[in-house]
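The values are calculated or read from the model by the stated rules, or taken from the named source; none is laboratory data. Everything numeric here is computed off the predicted structure, so don't read it as measured data. Cβ sites come from the backbone with ideal geometry, for glycine too, and all protein chains shown count toward neighbours.
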Amino acid sequence: MTNPRLCTFLIVTSILVLGFPINRARAQLDSHRAVDRYNRVAKGSNVAEWHRRVFDKDAKVRLEAVDSLGKDGSEDAVKPLLDATADSDPRVRAKAFDYLGLIGSKRATQVLTQYLVLSDVDRSSKQRVLVALGRIGDPAAVDPIVSFIEKTKDEELRCGALYALGEIGDAKGLEVVRTYSEQESDPHAQRIARDAIGKINAHLAAAPNEQPTILELERQLRANTRR
């Protein structure tokens, strides 16, 4: 015969044992939701809000906004990050430059190359600009970088510019890096220039052949003959 007290004890015990994990999971879920709500209110939840916070008076808010924009990583985040590169706080500027390089949008090239020619831009920012340009890999940056190499007296920045040319891998930068690999007296700069030559050559070798085929040449010849 079944003991009623024993059955009651087993039922209560089962409820308690099974109930604890369920209650704990619910508590964790509520906690995550609370954190998520806080982040949406405190840090914003979309690019438009983050862009607005880039101009906040509090540097911490601006820094969080740049971090959110960088982690978003979309094309829509590029313009707000470009605005952040002019921030008065070096931490905000540094994050903005770094994230622009990671996103890799060519929309950033023109603004970033302008920082290389401005005399009031600090050295650290120019170093980060060169790294970002190398990561973006836009051939449009080659001429401004070459001009910077020819004008700067800072050896480390020159090395950074040579490195960026190698990362971009465009043929227009080949002559400059080759010159520095042959004429530079500093072994470190020579090594960077030689590495850049190797990267550019590898990039050119991997690029699609843009030379017209025989069939394309024949079509062009026939078209010219008909005129």
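From the list Gly104, Gly44, Gly70, the lone residue that is on the phi > 0 side of the Ramachandran plot, under 28 Å from the mean Cα position of the chain (by Cα) and at pLDDT 60 or above is Gly104.
What is the one condition in (1) touching a helix residue (DSSP H, G or I) at 6+ places or on another chain (Cβ under 6 Å); (2) more than 24 Å from Asp143 (Cβ to Cβ) that Arg107 does not satisfy? Among (1) touching a helix residue (DSSP H, G or I) at 6+ places or on another chain (Cβ under 6 Å); (2) more than 24 Å from Asp143 (Cβ to Cβ), Arg107 violates only (2).
Residue check: is Ser31 in a helix (DSSP H, G or I), surrounded by fewer than 17 Cβ atoms within 10 Å (Cβ to Cβ) and either at pLDDT below 95 or over 20 Å from the mean Cα position of the chain (by Cα) (or both)? Against the criterion (in a helix (DSSP H, G or I), surrounded by fewer than 17 Cβ atoms within 10 Å (Cβ to Cβ) and either at pLDDT below 95 or over 20 Å from the mean Cα position of the chain (by Cα) (or both)), Ser31 qualifies. Could you check, for the range 114-133, whether at least one of its residues is hydrophobic (A, V, I, L, M, F, W, C), out of contact with any strand residue (DSSP E or B) (no Cβ under 8 Å at 6 or more places or on another chain), closer than 20 Å to Arg62 by Cβ and part of a helix (DSSP H, G or I)? The answer is yes, given that some residue of the range 114-133 is hydrophobic (A, V, I, L, M, F, W, C), out of contact with any strand residue (DSSP E or B) (no Cβ under 8 Å at 6 or more places or on another chain), closer than 20 Å to Arg62 by Cβ and part of a helix (DSSP H, G or I).
Among the residues of the range 162-183, is any of a type in the set (Ser, Thr, Tyr) and surrounded by fewer than 14 Cβ atoms within 10 Å (Cβ to Cβ)?
Restricting attention to the range 162-183, the residues satisfying the condition of being of a type in the set (Ser, Thr, Tyr) are 163, 179-181.
From what's left, surrounded by fewer than 14 Cβ atoms within 10 Å (Cβ to Cβ): 179.
Taking every residue of the range 162-183 in turn, at least one turns out to be of a type in the set (Ser, Thr, Tyr) and surrounded by fewer than 14 Cβ atoms within 10 Å (Cβ to Cβ).
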